Amino acid sequence: MIDYAVFYRRPIQVERISKELPRFDILVSAFNSSDRVSGVFSGINSVRKIWLIHPEYQYLPVDLPEGHELVHPTSTDEVVQVNALLAQMGDLNGKSICVDITGFMRHVLVFLTAKFENLGLHQFTAVYSEPQTYLKQEHTSFSTTTSGVVRPVRGLGPSTTGSAKEFLILGVGYDDRLISEVANNKDGSVVFPVFAFPSLSPDMYQQSAIRAAASGEVALRSDWVGNRRFAPANDPFSTANTLSAIVNEIDRKGGANNIYLSPLSTKVQALGFSIYWLFEGRSRGAVSIIFPECLTYSRETSIGLKRLWTYTVELRRPPA
Amino acid sequence: MYKEECEEKLRNLVIHAWDDEIKWPQIEQWAENFIGTAFDQERERDHGLFALTRFMYFGRRLVRELLRSLYRDHFEAPLMQRIRRNYGSETSGAVLRSAYSSELASTRFIGVGNPAESGAHLLYFFRQVNHLSKELFSDIHEAFVVRLDESGRERYEQRNGGVSRYVFFDDLVGSGDQVSQYLKTSLRAIRQGTPEVELRFLSLFATSAGIDRLNEKQLFDGKAFCLFELDDSYKAFDANSRYFSGAPEWFVLNDLQQLARVYGSALQPRRALGYKDGQLLLGFSHNTPDNTLPIFWDEGIRHPWSPVFQRYDKK
């Protein structure tokens, strides 16, 4: 079992971003209309800075930022998006890389992390800017349209056993429609809802609980209340630790179990799900990360920048 | 329409966020407190109930989860990372854990205030959820012996020289006045008697002013930390208040303020909007802070009142 406490993470005061972070070789950030994303992009020192333009935000050419490298993938598919980004980044060997995950699409972030590991990158720095508040509190919309298809992230799919019992570990965010789509897709599975708590601010837990309550049948089930778990909204390593504990708890009861992970909460938690999969889920087998396919996504969901978190994402297991 | 929406939201909060610790009849009784003293009775009740949908209540399960996170994410993990940095990142996990165990053994957690107060009371649950030995908990008098220096000033000397770190704990820091008054002399005397020890402070919630105060040099000198910092946007009637953005058109914030002030004055004449004008909308299973608007917690001693999140006030 991995000791997730050893991984480096720390918060940085907004006004100290350029002083506290080292100069990177490459900074990658997903462009959107939140001030917190553009502020961090300009605040971080880096030799090269790349904007990733997710098609889901549906920006017109006139809306795009100027003065830095742009990657504009033609499809929402994570393989297309990550390949386009990697082609722009070029040789990663010996490079220090910083990824601002704040505006990233979750499926792309999960695939990018796995791809970095696959390419032999030892580590990268992920940063995440916490908002002061969400624009419309519990009414904030994140994804705006979906295809109705729920599928594994490419390459992170299951090698499942047909007769196995199914478990769905769901990172609960504000998007009740996404929760509902995943829960319906895995109808018949035992659900472990993982709430983002402590939340980014104390009012956000209740807001997400109200939104999640609108997810339909799944929120009325006894496992929704009985199997409820918590992981901090701003800590990927504690999130990975929580997943590890849940899967161990499931496995202790015996039998063949298929585990589906669906991180629908903060991008930090999506990173945490990805880290768990790389370190433990992949070797366990029958663990997959699934998402509803989002076609479009809100460009701006938040107000203000509270603080920046920085995480050193090591892609090799630390020595036991 | 809005009444049904508001009621549905409250019912969802009760089940999905407040863990059924607040019962629907309590909410109904609370709404009946509003009898038209400030303005039209129905409008008063609508405003009161809408404000209730914005109230941040943390039940037993969530408070325990906060205590778990406070230890795991804000004590254990930073200490483990510091140890790893000192030993080198390639050091084995077993060696790092062993070093952590030694560090933990030389730490004492101390509740702020009287043992019967909420900070010290919560330390029991803090110990429980984090599986910590009771030997790691102490109070100032158990940890230190008081000596007088040549000028007659107190200095605290450790009873157990093996302790290198004291972590003070409280659940909520309001203005910082109380904890500052309680600890200022003690911290000075500790530094006088045992200058080499590390002094830290952890709390679940703190106002920005309160945590800044605790981080002053003569107190915790930058080593005070809280899980949730409450800036002025957590004051119900501040210009930047976060609670009511996106409220429906019929809701008027000034009306709510008038309501809170009129009834609050009858309940708590000198602190109608909470201790030191706190204006918070915050409560826990174990108590409701007095910085919260009294209309939510007052138990009706001066003026008949049914609280929805009762405060167990000190006599």
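Looking at (1) within 19 Å of the chain's Cα centre (by Cα); (2) over 20 Å from residue A:95 (Cα atoms); (3) modelled with pLDDT of 95 or more; (4) not acidic (Asp, Glu), which is the one condition that is false for residue A:28?
(2)
Tell me, yes or no, whether the range A:212-226 has at least one residue that is within 13 Å of the chain's Cα centre (by Cα) and touching a residue at least 40 places away in the same chain (Cβ under 8 Å).
No, the range A:212-226 contains no residue that is within 13 Å of the chain's Cα centre (by Cα) and touching a residue at least 40 places away in the same chain (Cβ under 8 Å).
Any idea which residue in the range A:65-98 is surrounded by the fewest Cβ atoms within 10 Å (Cβ to Cβ), counting only those that are over 11 Å from residue A:53 (Cβ atoms) and of a type in the set (Gly, Ala, Ser)?
A:94
Which of the residues spanning the range A:281-320 are β-branched (Val, Ile, Thr) and under 19 Å from residue A:269 (Cα atoms)?
Answer for the range A:281-320, where residues must be β-branched (Val, Ile, Thr) and under 19 Å from residue A:269 (Cα atoms): A:287, A:289, A:290, A:301, A:310, A:312, A:313.
Return only the number of the condition from (1) in contact with a helix residue (DSSP H, G or I) (Cβ under 8 Å, 6 or more places away or on another chain); (2) more than 16 Å from residue A:7 (Cβ to Cβ) that residue A:204 does not satisfy.
Looking at each condition in turn, residue A:204 falls short on (1).
Identify all residues within the range A:271-294 that are in contact (Cβ under 8 Å) with a residue 24 or more places away in the chain, polar (S, T, N, Q) and more than 21 Å from residue A:146 (Cα to Cα); write none if there are none.
A:274
Pick from B:242, B:213: which is assigned to a helix (DSSP H, G or I), surrounded by 19 or more Cβ atoms within 10 Å (Cβ to Cβ) and of a type in the set (D, E, K, R)?
After applying the criteria, what remains is B:213.
For the range A:221-236, which positions are surrounded by 24 or more Cβ atoms within 10 Å (Cβ to Cβ) and small (Gly, Ala, Ser)?
Listed by number, the residues that qualify are A:231, A:233.
In the range A:134-149, is there at least one residue being assigned to a strand (DSSP E or B), touching a residue at least 40 places away in the same chain (Cβ under 8 Å), within 14 Å of chain B (Cβ to nearest Cβ) and buried (at least 23 other Cβ atoms within 10 Å of the Cβ)?
Yes.
Given the condition out of contact with any Asp or Glu (no Cβ under 7 Å at 6 or more places or on another chain), touching a residue at least 12 places away in the same chain (Cβ under 8 Å) and buried (at least 21 other Cβ atoms within 10 Å of the Cβ), answer yes or no: does some residue in the range B:147-157 qualify?
Checked against the condition, which is being out of contact with any Asp or Glu (no Cβ under 7 Å at 6 or more places or on another chain), touching a residue at least 12 places away in the same chain (Cβ under 8 Å) and buried (at least 21 other Cβ atoms within 10 Å of the Cβ), the range B:147-157 yields at least one hit.
Looking at this structure, is residue B:228 assigned to a loop (DSSP other than H, G, I, E, B) and either crowded, with 20+ Cβ neighbours inside 10 Å or not polar (S, T, N, Q) (or both)?
So residue B:228 fails the test.
I'd like the residue in the range B:63-79 that is more than 13 Å from residue B:202 (Cα to Cα) and at the interface with chain A (Cβ under 7 Å from one of its Cβ atoms) and, out of all such residues, is nearest to the chain's Cα centre (by Cα).
Across the range B:63-79, the extreme among qualifying residues is B:65.
The values are calculated or read from the model by the stated rules, or taken from the named source; none is laboratory data. Since this is a predicted model, take the numbers as computed values, not measurements. Every residue, glycine among them, receives a Cβ derived from its backbone with ideal geometry; neighbour counts consider all protein chains shown.
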